[in-house]
Amino acid sequence: MGRWSGAAWILALSLTVGCKRDVDQAVGSAAGATTAAPAKVDGPATSPAPGSAPSGSLTAEGCVAEPDYLLPPTAFGDRDLIRAIFVQGSDVYLANMTDVLRLPLAGGAATKVAKTPGMTLSGRMTLWGDGTRLLTQSSGEPIFMELRPGQDQFTTFLDFTAEQRGGGRDAATRILQGIGKGTQAMRAGWADFDGQAFHWTESPAQRRQVGVGRVRSVPLIGGEPKTLYEAPGTADGLVRAGSHLVFIHTEPPDPVALAKYEADRKAKKYGPEPKGKSTLVSIPLAGGQAVPLLRMSQWMSRAVLVTDGETVFASGYLDEDLQKPGVYRVEASGGAVEALDPRVVTGEGVRYPGGVALVGSSFIAKGVLQTGVLVLAVPKGASTSVQVACFTNRFTMHAVGISGSTLLVSLLDGQTGLASVVRLPLP
């Protein structure tokens, strides 16, 4: 990793403000107008009819002050928020910690359709669909679940764990069931579903365990999973890019550095935990040689990956150097690396018909140490990013979805504790 200068430390520490994902509290209190809060409700709210793009009213920082809401600011229990967004047909499905809600894209009332399966302690979830069913993954496990029409609970239909306990168990139960295992426990990363198959990573469940990271794949119809990649270390953050699978592989830490770190901890001397090199790696979907694309890391999280086909967009620190932040583009088969934006985005990426969008915590203006939620787009053929919108650091972002060229973003207002989903047109 490159030398951490004083300026780099300021940049990294500034990005931690508001960059916590999947928490129920925002950081900061930057000024900005808000929509009047509705009365607190235990269930979903009513969505207004679609409005105009949020370009007419801005905060002093130049961010959105009057969003176009799909789900207006709503108080869920225990300051809950929208943790997953998925569009299927004329409906959008939203998930919070307890319920899956269905909301018409044209506007209207949100209704509960099912209970949410058990999540990780971070409260993250993902939703997919195959035209008929809603699909999800049991957090941290190679278990896939379905919600069929007329059902009110997800049920397991693919389970590749040794114990075959099924999905939907809460985090505490999974932790207790994993204690005392004689073999090394493995954790599944969030899968990528391409409509025909699930692709996911597996790595040691304990960060300090030295083991192997894997990439695995199985058809939607089931069968025996294939292991497409295996190497010492960990694998995470996988996306399918056309005929390739792209992911972050992190090598095991240097044993000498790790031993020194453990000795320092016992002596109550604290410093950064040693970590092996992190590399963006591509493998052919049909099998074949792994190709390293670029060195990349993030600050306190994994690098953000998104693809528009055979091209991959990654946000993090190039060469794992805090003096090289940005959004970068590279072909999945390898080649030159292009810089598109000098800011790191910590959040999510999504593909849309006109290109890709990256949404998350970042600096809301180039060269200004003011953090918030940033929305960037990279239209097809563009040589640089386009700033679509920003939200001041009273907000945190927790999920994204796409409907045509309209981006759907889950926000939590840290001042009011209200959750919402806003609409943003993409170029």
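The values are calculated or read from the model by the stated rules, or taken from the named source; none is laboratory data. These numbers come from a predicted model, not from an experiment. Counting neighbours? That spans all protein chains shown, and the Cβs are built from the backbone with ideal geometry, glycine included.
Descriptive notes on the structure:
- Here G222 clears all of (1) at positive phi; (2) surrounded by 15 or more Cβ atoms within 10 Å (Cβ to Cβ) except the condition numbered (2).
- Test result for L322, in contact with a Gly (Cβ under 9 Å, 6 or more places away or on another chain), outside any strand (DSSP E or B) and in contact (Cβ under 8 Å) with a residue 40 or more places away in the chain: yes
- The set of residues in the range 327-348 that are part of a strand (DSSP E or B), in contact (Cβ under 8 Å) with a residue 60 or more places away in the chain and in contact with a Phe, Trp or Tyr (Cβ under 9 Å, 6 or more places away or on another chain) contains only T346.
- Complete set of residues in the range 117-139 that are of a type outside the set (D, E, K, R) and either at pLDDT below 90 or on the phi > 0 side of the Ramachandran plot (or both): P117, G118, M119, T120, L121, S122, G123, M125, G131, S139
- From the list R329, R343, the lone residue that is modelled with pLDDT of 95 or more, over 17 Å from V246 (Cα atoms) and buried (at least 18 other Cβ atoms within 10 Å of the Cβ) is R343.
- Taking the criterion of being touching a strand residue (DSSP E or B) at 6+ places or on another chain (Cβ under 8 Å), outside any strand (DSSP E or B), modelled with pLDDT under 95 and of a type outside the set (A, V, I, L, M), the residues of the range 166-206 that qualify are G166, G167, G168, Q184, G189, W190.
- Residues being in a loop (DSSP other than H, G, I, E, B) and under 19 Å from the mean Cα position of the chain (by Cα) - total across the range 134-151: 5
- The condition of being at pLDDT 85 or above, closer than 13 Å to S420 by Cα and in a loop (DSSP other than H, G, I, E, B) holds for E66.
- Test: residue in the range 375-382 that is closer than 29 Å to Q88 by Cα and in contact with a Cys (Cβ under 8 Å, 6 or more places away or on another chain): yes
- Residue match in the range 357-368 (condition: of a type in the set (S, T, Y) and part of a loop (DSSP other than H, G, I, E, B)): no
- Looking only at the range 90-114, and only at residues there that are in contact (Cβ under 8 Å) with a residue 40 or more places away in the chain and in a loop (DSSP other than H, G, I, E, B), the one that is nearest to the chain's Cα centre (by Cα): N96
- If only residues of the range 208-239 that are assigned to a loop (DSSP other than H, G, I, E, B) and in contact (Cβ under 8 Å) with a residue 24 or more places away in the chain are counted, the one that is farthest from G316 (Cα to Cα) is G222.
- Tally of residues being surrounded by fewer than 21 Cβ atoms within 10 Å (Cβ to Cβ), more than 21 Å from E310 (Cα to Cα) and in contact (Cβ under 8 Å) with a residue 24 or more places away in the chain across the range 188-206: 2
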